[in-house]
Amino acid sequence: MERVGFAAQLSQNYDSSAEFHRMVINERPFNCLAWYNLGHALSCLGEYAKAIDALEYSFITEKNFENGYLDCADICIQEKQYERALNIYQSYLEIFGVNEEVLFNMANCEYELDNLKKAKNILNKLLKLDPYNDEVYYKLGLCYAKATNWNKAINAYHKAITLEDNSEDYYLSMAKAHNAIGSFEKAEFFFGQAIEIGPEQSQYWCDYIAFLIKIGKKEKALRVFSDSDTYTFGADLLFCKGVALYLNGDSKEAFATIEEGLKE
């Protein structure tokens, strides 16, 4: 069954795989690998609800089938079924013990469900296991930011950046936190760091340009837009440029740019 699943993955013949594994399950309904392979085939065919059910049967039929739990929970998260993912992860921990990646995923689920206290409790537990995990500090910062506790968010982001200084997401979130408390000079610095590390991400340029427009630096916003041409392009950037041009009094060019954005 492992080889059949691997062959299906290599050939990408998921219709045949689904048909074959249904036939096997009709004959042997307690074959966990048949359920597992069926779940993967259905997932690749875009039938995610059925894939979740099939993967769930893989560990229902074999309690100690670790991959079944993990892959099923992954698709649940993909489909925003966070409660179901949490239940699966809880069962996983009861059987296999502490797993840092599973705990981190559980914190993400609690975060998405706005259970910020539970998310922070899990993240703090993870920091006791590994005090040098930058992703945990970053997620902790996001929890504080979601609760508009900006100073604690900044502190958590700072620790994440100290451990990993090459993540554009960390700098962008730091910039937004400083912007929220009116620390515009620091916000501008961190926006600049974010686009320096991830210049291909048009959304980062957009966030920076929007920030500059809001604090009245319209001319600098246009210069930043000009810089972005070297690295990336997108309708979102054209809309930002249109706003900056309009606020600088160039209505004709502003409307032409926004029209270009709509076409894009």
Classified through the alpha carbon gyration tensor (a ≥ b ≥ c as square roots of its eigenvalues; rounded if a/c is under 1.5, else prolate when a/b is larger than b/c, else oblate), the range 1-57 comes out oblate
Measuring from the longest principal axis of the C-alpha atoms of the chain, the long axis of helix 235-247 (C-alpha) lies at a number of degrees, nearest 10, equal to 20
HN-Hα couplings for the range 18-27 via Karplus (6.51, -1.76, 1.60; θ = phi - 60°), in whole Hz with x for Gly/Pro, come out as 4, 5, 5, 6, 5, 5, 4, 5, 4, 8
Label model pair Q9, A180: point-to-point distance (7 angstrom along the Cα→beta-carbon line) in nm is 3.9
With R₀ set to 30 angstrom, the calculated FRET efficiency between the beta-carbons of N64 and K128, to the nearest 0.05, is 0.65
quick shape note, the range 76-134: Cα extents on principal axes in Å, largest first -> 31, 27, 17
So, with points 7 Å from each Cα along the Cβ direction, the N166-L262 label distance in nm works out to 4.4
Calc'd 3J(HN,Hα), the range 123-128, phi into Karplus 6.51 cos²θ - 1.76 cosθ + 1.60 (θ = phi - 60°), Hz, glycine/Pro = x, comes to 5, 5, 5, 5, 5, 5
At R0 = 45 Å the Cβ-Cβ FRET efficiency linking N149 and A235, nearest 0.05, sits at 0.85
Rh_Kirkwood(the chain) over Cα pairs, Å, one decimal, evaluates to 21.5
The base-10 log of I(q)/I(0) that the Debye equation returns for the range 105-215 at q = 0.12, 0.15, 0.19, 0.21 Å⁻¹, one scatterer per C-alpha, is -0.41, -0.63, -0.95, -1.10
Descending packing, highest mean Cβ count within 10 Å first, for 240-248, 223-231 is 240-248, 223-231
Taking only the Cα positions of the range 9-105, the convex hull volume per residue in Å³ is 89
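Read-outs: derived from the displayed coordinates by stated rules, not from any lab. Values in this document were obtained by computation on a predicted structure and should not be read as measured data. Every residue, glycine as well, gets a Cβ built from its backbone with ideal geometry; the counts of neighbours run over all protein chains shown.
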